[in-house]
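Below is one structure, written out as structure tokens; comments come after it.
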Amino acid sequence: MTSDTLPAETLATSVLASSTVNSAISTVFQLPADHPPVPMHEHSGGICPVTGKTHAYCPPQKGDVRSVCPALNSMANHGFIPRDGRNLTFFNLFHGLKACYGLSSALTLVLVTGGFLLIRRSPIHIPFLSNLALFRAKNPDGSISPGGVIDLHLIGLHNGVEHDASLVHLNTPEDRKYGPVEIQEQWVPMLVGDIQPKVDGFPLDLPYVGPDHKRDPSAASSSSAVSSSPSSKTFIDSPEYLSTLVDEADVGRMRARRQNEILPKKLDAVHAEIARGEMAIILGVWNSQYQPKHEGERENDKNREKQGIPLSWLFQWLSEERLPEVPVSSSSEGSSGTTESDGTTTPPRKLQTTMWRPDHKQTLSDVVNRSKRIRKVTEAIENERLKH
């Protein structure tokens, strides 16, 4: 048991006993990993009464704010920044990114400084001076923040860090200043169609998806086609998809498809680079060499030497905005049961997992190189499309 994994009984007891929990709320949420339902609660002061000071996952609660960015939302859901997503300073974000994802100081400095400037906020917070009316700013919910302090919703300022042609979010409507934070869950499994080699279990009879992921009315009328569409949970929960890897070429195809789907709108050069860069970062953070699940398996698999990140990890990050769980290494634990001397078979023990933690430093130069590879594939597809 790690410090970031709490027993179900401890979670339930701590919530029910906490004075910050509103006992009148009857609504419940379902924590992952077999946790029982617990009452909704508040992240007063950015602290979770359920998880305490650990980095265990807790979804956003009443009063919390979130952004259009899965990286930042995951950090809040795991407590690497205040869990309510409010009152964030340069140093909150700087230290949170380094601790959560293992980013280098140079990369983190570029991301945080650039993020503040792109949403037109100062990254500098000076006590007393930043509280003057000249430096304060109004948040989307009507609250006021001093200079150098933001909340996650502000990250969604349209054409700041946020951009159209998101992989999982709608474009920002013309009459809105901030992009939608709601995840389009049905879009997530569509990303599987951009991965090569073809992923087992992805149906070929999915209805056509037109501009901005709107289904063609005639195709959408086919209930059998829609019902055959796999959900993101299919790919997250099935262990077999841990060995399905996503690389820069796959992301390049995702970007090309989404940019084609929003035509005649086009991303400018800055936001096209941001769109590539945000995926290049997570590819570098989670990159791993493909390994067959069992000795002798998939000897002729085209994907055998592919390097990338596990499909299930990417989907969990995009759709649930949480860090993946990884198996606790133990030679005594396996997927099959054991046969005793009397011939009886004991059931297999449940595989123990722990929250993923970074094992290397992710550098700015690596992100730049990965982004270039994504761009090369995207532009090749777009150039080919122009010929027809």
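The values are calculated or read from the model by the stated rules, or taken from the named source; none is laboratory data. Note that the structure is predicted; figures quoted are calculated from it, not measured. So basically every Cβ, Gly included, is an ideal-geometry build from the backbone, and we count neighbours across all protein chains shown. Protein only, heavy atoms only, side chains kept; ligands, DNA and RNA dropped before computing areas. Shrake-Rupley method; radii C 1.70, N 1.55, O 1.52, S 1.80 Å.
Summary of values
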| item | result |
| --- | --- |
| Residue check for Ala275: touching a His at 6+ places or on another chain (Cβ under 6 Å) and modelled with pLDDT of 90 or more | yes |
| Residues within segment 351-384 that are under 18 Å from Trp286 (Cβ atoms) and either open to solvent by less than 40 Å² (accessible area, probe 1.4 Å) or out of contact with any Ser or Thr (no Cβ under 6 Å at 6 or more places or on another chain) (or both), tallied | 19 |
| Index of the failed condition, Lys62 passing every other in (1) under 17 Å from Leu323 (Cβ atoms); (2) in a loop (DSSP other than H, G, I, E, B); (3) open to solvent by 60 Å² or more (accessible area, probe 1.4 Å) | (1) |
| Unmet requirement for His35, which otherwise passes all of (1) in a helix (DSSP H, G or I); (2) open to solvent by less than 40 Å² (accessible area, probe 1.4 Å); (3) at pLDDT 50 or above; (4) not charged (D, E, K, R) | (1) |
| Of the criteria (1) under 19 Å from Ile274 (Cα atoms); (2) in a loop (DSSP other than H, G, I, E, B); (3) open to solvent by 30 Å² or more (accessible area, probe 1.4 Å); (4) touching a Pro at 6+ places or on another chain (Cβ under 7 Å), which one Thr113 fails | (2) |
| Given (1) at pLDDT below 55; (2) open to solvent by 30 Å² or more (accessible area, probe 1.4 Å), number of the condition Ser341 does not satisfy | (1) |
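Condition check ((1) among the polar types (S, T, N, Q); (2) over 23 Å from the mean Cα position of the chain (by Cα); (3) closer than 25 Å to Gln316 by Cβ) across all residues:
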{"position": "Leu109", "(1), (2), (3)": "no, no, no"}
{"position": "Phe116", "(1), (2), (3)": "no, no, no"}
{"position": "Leu134", "(1), (2), (3)": "no, yes, no"}
{"position": "Ala137", "(1), (2), (3)": "no, yes, no"}
{"position": "Gly142", "(1), (2), (3)": "no, yes, no"}
{"position": "Ser145", "(1), (2), (3)": "yes, yes, no"}
{"position": "Val161", "(1), (2), (3)": "no, no, yes"}
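Every residue, every condition in (1) among the acidic types (Asp, Glu); (2) in contact (Cβ under 8 Å) with a residue 40 or more places away in the chain; (3) more than 22 Å from Leu103 (Cβ to Cβ), yes or no:
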{"site": "Tyr241", "(1), (2), (3)": "no, yes, yes"}
{"site": "Glu248", "(1), (2), (3)": "yes, yes, no"}
{"site": "Gly252", "(1), (2), (3)": "no, yes, yes"}
{"site": "Asn260", "(1), (2), (3)": "no, yes, yes"}
{"site": "Ala269", "(1), (2), (3)": "no, no, yes"}
{"site": "Arg276", "(1), (2), (3)": "no, yes, no"}
{"site": "Ile281", "(1), (2), (3)": "no, yes, no"}
